[in-house]
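The values are calculated or read from the model by the stated rules, or taken from the named source; none is laboratory data. Predicted model, so just to flag it, every value in this text is computed and none were measured. We place every Cβ from the backbone using ideal geometry, glycine too, and count neighbours over all the protein chains shown.
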Amino acid sequence: MTPTSAPSKVIVSNLGKVFEGNTSGYAALEGVNLTVEDNEFVTLVGASGCGKSTLLRILAGLEYHTSGSVSCDGRAISGPGADRAMVFQHYSLYPWLSVIDNIKFSRKLKANRGEMVSSDVEAASGRADALLKLIGLDKVPGAYPRQLSGGMQQRVAIARALMGRPKVLLMDEPFGALDAQSREVMHDLILHIHRAEKTTIVFVTHDVEEAIYLGQRVVLMQPRPGRIHSIYQVPLPAERNQEMKHLPVFRELRAEILARIRESAGMETDVEQLGKL
């Protein structure tokens, strides 16, 4: 008897989202189809207004879709769940809590409600310590957010999201507020976390170079209404380093995706616009 293969981690089928307005609805997404496999790292790019963040929020259960279906591990997504965690661009750390207490915050809430026995609390504490080491902040567990750089604060936010061992990590431009050097450090860190935690990651970004460097596949979305334009398999090995950004294959894929974004959004380059003046 042939064993049944495990379902894909995330399946989006003919998904649509309409935001209701005063006079008529606005179609943010229409006919979106996407499958994300277990332990895959998928990045979403596209011009502003193409629905990247809306799609991510639907996957997180923070927005409801108006047509089609979306599931995680074969179960329909109808709201937030412990199987999915989300990291936003803004760190949203609790300023009165230390690094380690920010990471353990969700578990402390459950303990306060009596849903965890002492052994569970002890296991959660060990998990927090392991995550602290994984993100490279094990030397400053007692520091407060105001004492940390932006990159360090985002590390804490990522560790907090991973605390409950989510099967899917959803990231909405998490490094958008960081300087170029800090972004490179965070790129290598999130790839390390992906290998260590074996978590499926769906990552939204405006930065095409970031999308290629991190993703195993790059999903290009186009606006009006938001839908998938094309999907690119990234021709890089699993083990990556910053020097790969200078490879011809990397530069060629970057140029192709940028051209497709301009084309799909009906955008003109600055030079093209100046030529019409």
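Is it the case that some residue within segment 56-72 is in a loop (DSSP other than H, G, I, E, B), among the small types (Gly, Ala, Ser) and without any contact (Cβ under 8 Å) to a residue 40 or more places away in the chain? Before the answer, list the steps.
Going residue by residue through segment 56-72, those that are in a loop (DSSP other than H, G, I, E, B) are 61-66.
Restricting the remaining residues to those that are among the small types (Gly, Ala, Ser) gives 61.
This time we only want the ones that are without any contact (Cβ under 8 Å) to a residue 40 or more places away in the chain, so: 61.
Scanning segment 56-72, I find at least one residue that is in a loop (DSSP other than H, G, I, E, B), among the small types (Gly, Ala, Ser) and without any contact (Cβ under 8 Å) to a residue 40 or more places away in the chain, so the answer is yes.
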Fill in: Search result, residues across segment 18-45 that are among the small types (Gly, Ala, Ser) and part of a loop (DSSP other than H, G, I, E, B)
GLY21, SER24, GLY25
Worksheet item: Quick check, is PRO223 surrounded by fewer than 20 Cβ atoms within 10 Å (Cβ to Cβ) and touching a Leu at 6+ places or on another chain (Cβ under 8 Å)?
Response: no
Practice prompt. Can you confirm whether segment 48-56 contains a residue that is aliphatic (A, V, I, L, M), touching a helix residue (DSSP H, G or I) at 6+ places or on another chain (Cβ under 6 Å) and closer than 24 Å to GLN216 by Cα?
Written response: no
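Is one or more of the residues making up segment 195-213 farther than 23 Å from VAL87 by Cβ, of a type in the set (Val, Ile, Thr) and at pLDDT 95 or above?
Checked segment 195-213: no residue is farther than 23 Å from VAL87 by Cβ, of a type in the set (Val, Ile, Thr) and at pLDDT 95 or above.
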Worksheet entry | Odd one out for VAL168, checked against (1) within 16 Å of PRO95 (Cα to Cα); (2) out of contact with any Phe, Trp or Tyr (no Cβ under 7 Å at 6 or more places or on another chain); (3) buried (at least 20 other Cβ atoms within 10 Å of the Cβ) | (1)
Worksheet item: What pairs come up if the first residue lies in segment 199-222 and is in contact (Cβ under 8 Å) with a residue 24 or more places away in the chain and hydroxyl-bearing (Ser, Thr, Tyr), the second is in a helix (DSSP H, G or I) and surrounded by 24 or more Cβ atoms within 10 Å (Cβ to Cβ), and their beta carbons are under 6 Å apart, counting only those six or more places apart or on different chains?
Response: THR205/ALA211
Practice prompt. Would you mind telling me which numbered condition in (1) in a strand (DSSP E or B); (2) under 30 Å from HIS192 (Cα atoms); (3) at pLDDT below 95 SER48 fails?
Written response: (1)
Worksheet item: Consider VAL185 against the criteria (1) aliphatic (A, V, I, L, M); (2) assigned to a strand (DSSP E or B); (3) without any contact (Cβ under 8 Å) to a residue 40 or more places away in the chain: it satisfies all of them except one. Which criterion is unmet?
Response: (2)
Discussion item. Regarding segment 211-220, can at least one residue be identified that is part of a loop (DSSP other than H, G, I, E, B), among the basic types (Lys, Arg) and not assigned by TED's automatic domain parsing to the domain that holds GLY150?
Written reply: no
Worksheet item: Tell me, which residue of segment 73-107 that is in contact (Cβ under 8 Å) with a residue 40 or more places away in the chain and of a type in the set (D, E, K, R) is nearest to ASP129 (Cα to Cα)?
Response: LYS104
Worksheet item: Given the residues ALA60, ALA111, which is the only one that is at pLDDT 95 or above and surrounded by 15 or more Cβ atoms within 10 Å (Cβ to Cβ)?
Response: ALA60
